[in-house]
Amino acid sequence: MGAREDHREGRFEEEIGVKERQKTKKPPLYRVFLLNDDYTTMDFVVHILENIFQKSPVEATRIMLHVHKNGKGLAGVYTRDIAETKIAEVHGLARKSNFPLQCTMEKE
């Protein structure tokens with residue numbers, strides 16, 4: 001490229017308004033917790049953790065026992081929309097199965 005072409009290229013960038021790339025903010029994350037109750041079976045909680053939160057059987061069992069012993073346990077961390085959807089899925093499946101299982105979410 002000649003000097004003239006380089007000059008034109010720079011001028012073209014000015015004309016079209018080339019801007020520096022701006023960093024985008026990461027969306028806030030929310031922790032989704034399962035809450036213990038006296039009626040929902042342990043097997044159902046494990047089922048929820050495996051099927052809605054994609055936990056392995058071992059991890060689902062560990063989380064379920066934590067919920068049972070401590071009153072609440074972390075099921076996962078998600079963006080707001082995903083957290084809300086997972087909570088709605090849990091509540092829907094629980095109601096359909098006649099369990100009072102509850103979920104909450106807290107901003108990280």
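The values are calculated or read from the model by the stated rules, or taken from the named source; none is laboratory data. Remember, predicted model here, so these are calculated numbers, not experimental data. Note: ideal-geometry Cβ built from the backbone for every residue, glycine included; neighbour counts use all protein chains shown. Note: accessible area is taken over every heavy atom of the protein model, side chains too, but ligands, DNA and RNA are not part of it. Shrake-Rupley method; radii C 1.70, N 1.55, O 1.52, S 1.80 Å.
The residues of the range 42-64 that are among the aliphatic types (A, V, I, L, M) and in contact (Cβ under 8 Å) with a residue 12 or more places away in the chain, listed by number, are MET42, VAL45, VAL46, ILE48, LEU49, ILE52, ALA60, ILE63, MET64.
Listed here are the residues, each with its yes/no results for (1) in a helix (DSSP H, G or I); (2) out of contact with any helix residue (DSSP H, G or I) (no Cβ under 7 Å at 6 or more places or on another chain); (3) open to solvent by 70 Å² or more (accessible area, probe 1.4 Å).
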| residue | (1), (2), (3) |
| --- | --- |
| TYR39 | no, yes, yes |
| ASP43 | yes, yes, yes |
| VAL58 | yes, yes, yes |
| ILE63 | yes, no, no |
| HIS66 | yes, yes, yes |
| THR104 | no, yes, no |
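Within the range 78-102, can you find the residues that are open to solvent by 60 Å² or more (accessible area, probe 1.4 Å) and touching a strand residue (DSSP E or B) at 6+ places or on another chain (Cβ under 6 Å)? Correct list: ARG80, GLN102. If you go through the range 89-108 and keep only what is within 13 Å of the chain's Cα centre (by Cα) and among the hydrophobic types (A, V, I, L, M, F, W, C), you end up with just MET105.
I'm trying to understand the selection: among the residues of the range 68-77, which are of a type outside the set (A, V, I, L, M) and either open to solvent by 40 Å² or more (accessible area, probe 1.4 Å) or free of Cβ contacts under 8 Å to residues at least 24 places away in the same chain (or both)?
Taking the range 68-77 first, the residues of a type outside the set (A, V, I, L, M) are 68-73, 76.
Scanning the range 68-77 gives HIS68, LYS69, ASN70, LYS72.
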